[in-house]
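Encoded as structure tokens, the structure appears first; notes follow it.
The values are calculated or read from the model by the stated rules, or taken from the named source; none is laboratory data. Treat the numbers as computed from the prediction; the structure is a model and nothing was measured. For neighbour counting, all protein chains shown are included, and Cβ atoms are generated from backbone atoms with ideal geometry for every residue, glycine included. Surface accessibility is based on the protein's heavy atoms, side chains included, excluding ligands, DNA and RNA. Shrake-Rupley method; radii C 1.70, N 1.55, O 1.52, S 1.80 Å.
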Amino acid sequence: TFLQWLQVCRVFKPYAGQHWKLFLRGSIAALFVVGIRLVLPWPVRTLIKHWPHHSSHHAADSIAAMTSTFHDSILMGGLLFFFLLLALGLMDFLERLYFVRFAIGTVRDIRAEVFQAAIRTDLPERGMGSGELVARLIGDTASIKTGLKGFLVNGMTNGITFAAMSIVLIWLNLTLGLIFTSMGVMVAALTIFGATRMFRKAIKFRK
């Protein structure tokens, strides 16, 4: 529920705040990734539009036509597409790097705090031995770290992409944009519903 999400955010806030620069850098890189993804179709469209379409019987004409346009539209479009791909790869790498470092640092601080609090607690109150406590703590925090990395890298990028594409489509064609947005909201609702049921089942089986 929404209240549970708020509780999770309250728990993470003091630990995540210490690594806010990494989160900010990852978010900026994610914005660049989304922006490059949205721009990529334009140079491809230029290449397709200006590429000569001739049959094999007119090979000489085709070569001549290609030569005449190679130094302007095709060359510029190809170079732009190439550099955009390089920039996309670099930004995607930086996004993953900063988000992974943010998740590792945040979960590491949480793990240390929980471990110190557990050590200060008497053994009967813990309900488990020190070895079981350490094993469970490492396993649980590793799962949190993996989930947090996946959520930041995939969830944020795809979420920003969806929002940006919705805005662009609504601006170009209102009907198409509204259909695309409503389908995305429906997918998000089904995902949250399924994830909530899986979470409840996991908690039940764990108990």
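Suppose the filter is part of a helix (DSSP H, G or I), among the small types (Gly, Ala, Ser), over 27 Å from Val11 (Cβ atoms) and at pLDDT 85 or above; does Ser166 pass it?
Spelling it out, Ser166 is indeed part of a helix (DSSP H, G or I), among the small types (Gly, Ala, Ser), over 27 Å from Val11 (Cβ atoms) and at pLDDT 85 or above.
Please enumerate the residues belonging to the range 157-187 that are closer than 17 Å to Val33 by Cβ and either acidic (Asp, Glu) or open to solvent by 50 Å² or more (accessible area, probe 1.4 Å) (or both).
Passing the criteria: Asn158, Phe162, Met165, Ile167, Val168.
Just checking, how many residues over the range 1-44 are exposed (fewer than 12 other Cβ atoms within 10 Å of the Cβ) and either within 20 Å of Ala163 (Cα to Cα) or among the acidic types (Asp, Glu) (or both)?
Number of matching residues: 1.
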